[in-house]
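The structure under discussion appears below in the form of structure tokens.
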Amino acid sequence: MDASHRTIRLIHSYLENRKVYYDLEGASFHRTLEQGCPQGSLLWKVAMTSVGNIKMDQTASIVMYADDIALLVGAARPTTALKRIEGYLEELKTWAAEYALKFSPNKSQVMSIKGGMKPPYSVKFGTGEDDQIIEASETVKYLVVVLDPGFWEHIASLKEKNKDLYKLLRCMTSANWCMGKLAARMIYKAVFLPRITYAAEIWKVACHLKKSIKALGSMQRDPVIAITSAYRTASTICLTAVAGTLPLDLEIRAQVINK
């Protein structure tokens with residue numbers, strides 16, 4: 001990486017004489033650390049910039065973010081695509097070996113975005129005969145977003161993760177807590193919407209599906225009930241109107257347009 005001697009000495013200082021201390025019931029324990037790296041994530045970002053130097057043709061590209069790498073490969077035929085993937089994975093393994101690193105095939109996923117190629121199919125993690133095989137899946141989770149051709153699985157994932165989000169809020173808005181509609185609206189805007197709309201620029205197309213609109217409305221129901229203090233028998237459309245908020249599918253599309 002062409003690091004200076006000063007930088008190398010600084011890194012060594014982080015890795016030498018490291019101890020962890022633990023206090024319990026008046027007793028203190030310590031142990032010298034021999035594995036792990038406190039600055040691993042930072043150094044990984046520095047090292048990973050050189051991944052962009054791997055030679056690729058116009059049919060392939062690499063997307064890097066933090067410690068995640070996405071390899072995008074295109075081809076007219078499935079066999080050609082799989083061969084190219086294995087070749088590029090071999091180059092990535094060669095790059096990793098230069099830094100004494102290894103990729104985990106068990107944590108790697110492969111999927112086809114379009115072209116009618118569907119599982120089951122597999123690809124080797126490299127060009128070697130003994131390289132581990134990766135089985136294709138219909139969805140891939142990358143940076144919290146669940147990728148699939150229509151992004152419906154991402155909507156379903158959001159619904160599952162956020163189904164209990166407003167249970168605590170409903171308790172806080174009870175008479176004992178004396179928490180009013182203003183606070184409920186604030187939590188809706190500051191907590192709920194950012195969680196739901198994360199990376200919406202990528203999956204906004206899913207908001208046009210009828211089942212997605214229904215699922216998003218189901219997610220929004222508890223928040224608008226908390227904001228309006230209305231009866232649970234009221235329809236979601238009426239609740240959003242009373243709360244002065246857009247239906248969640250329209251809210252997502254509006255935020256994408258305004259960014």
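Is it true that D249 is of a type in the set (D, E), at pLDDT 95 or above, in the same structural domain as K181 (by the TED database) and assigned to a helix (DSSP H, G or I)?
When the stated conditions are applied, D249 passes them.
Only one of (1) surrounded by fewer than 15 Cβ atoms within 10 Å (Cβ to Cβ); (2) over 26 Å from V145 (Cβ atoms) is not met by G126, so which one is it?
(1)
Given the options K259, K189, K210, name the one that is without any contact (Cβ under 8 Å) to a residue 12 or more places away in the chain, under 26 Å from L147 (Cβ atoms) and either in contact with a strand residue (DSSP E or B) (Cβ under 8 Å, 6 or more places away or on another chain) or not hydroxyl-bearing (S, T, Y) (or both).
The unique qualifying residue is K210.
Taking C37 and the conditions (1) over 22 Å from Q132 (Cβ atoms); (2) modelled with pLDDT of 75 or more; (3) surrounded by 10 or more Cβ atoms within 10 Å (Cβ to Cβ), which numbered condition does it fall short on, given that it satisfies the others?
(2)
Is it true that S112 is surrounded by 12 or more Cβ atoms within 10 Å (Cβ to Cβ) and polar (S, T, N, Q)?
Yes; evaluated as a whole, the condition is true for this residue.
Could you tell me how many of the residues in the stretch 69-87 are more than 23 Å from the chain's Cα centre (by Cα), in a helix (DSSP H, G or I) and free of Cβ contacts under 8 Å to residues at least 40 places away in the same chain?
5
Per-residue answers, yes or no, for (1) more than 30 Å from L89 (Cβ to Cβ); (2) in a loop (DSSP other than H, G, I, E, B); (3) under 27 Å from the mean Cα position of the chain (by Cα); (4) at pLDDT below 90:
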residue: V146; (1), (2), (3), (4): no, no, yes, no
residue: G150; (1), (2), (3), (4): no, yes, yes, yes
residue: S157; (1), (2), (3), (4): no, no, yes, no
residue: K161; (1), (2), (3), (4): yes, no, yes, yes
residue: L165; (1), (2), (3), (4): yes, yes, yes, yes
residue: R170; (1), (2), (3), (4): yes, no, no, yes
residue: W177; (1), (2), (3), (4): yes, yes, no, yes
residue: A183; (1), (2), (3), (4): yes, no, no, yes
residue: M186; (1), (2), (3), (4): yes, no, yes, yes
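Tally time: how many residues in the stretch 50-61 are touching a residue at least 12 places away in the same chain (Cβ under 8 Å) and either in a strand (DSSP E or B) or at positive phi (or both)?
Number of matching residues: 1.
Against the condition among the basic types (K, R) and surrounded by 15 or more Cβ atoms within 10 Å (Cβ to Cβ), how does R77 come out, does it pass? Before you say what the answer is, go through the steps one by one.
Working: among the basic types (K, R): yes; surrounded by 15 or more Cβ atoms within 10 Å (Cβ to Cβ): no.
It is false that R77 is among the basic types (K, R) and surrounded by 15 or more Cβ atoms within 10 Å (Cβ to Cβ).
Restricting the search to the stretch 88-103, which residues are closer than 18 Å to T127 by Cβ and part of a loop (DSSP other than H, G, I, E, B)?
K102, F103 - these are the residues of the stretch 88-103 that are closer than 18 Å to T127 by Cβ and part of a loop (DSSP other than H, G, I, E, B).
Within the stretch 217-232, can one find any residue that is out of contact with any strand residue (DSSP E or B) (no Cβ under 9 Å at 6 or more places or on another chain), of a type in the set (D, E, K, R), surrounded by 12 or more Cβ atoms within 10 Å (Cβ to Cβ) and modelled with pLDDT of 95 or more?
For the stretch 217-232, residues out of contact with any strand residue (DSSP E or B) (no Cβ under 9 Å at 6 or more places or on another chain), of a type in the set (D, E, K, R), surrounded by 12 or more Cβ atoms within 10 Å (Cβ to Cβ) and modelled with pLDDT of 95 or more: absent.
The values are calculated or read from the model by the stated rules, or taken from the named source; none is laboratory data. Just so it is clear, the structure is predicted and the values come from calculations on it, not from any experiment. Backbone-built Cβ (ideal geometry, glycine too); neighbour counts: all protein chains shown.
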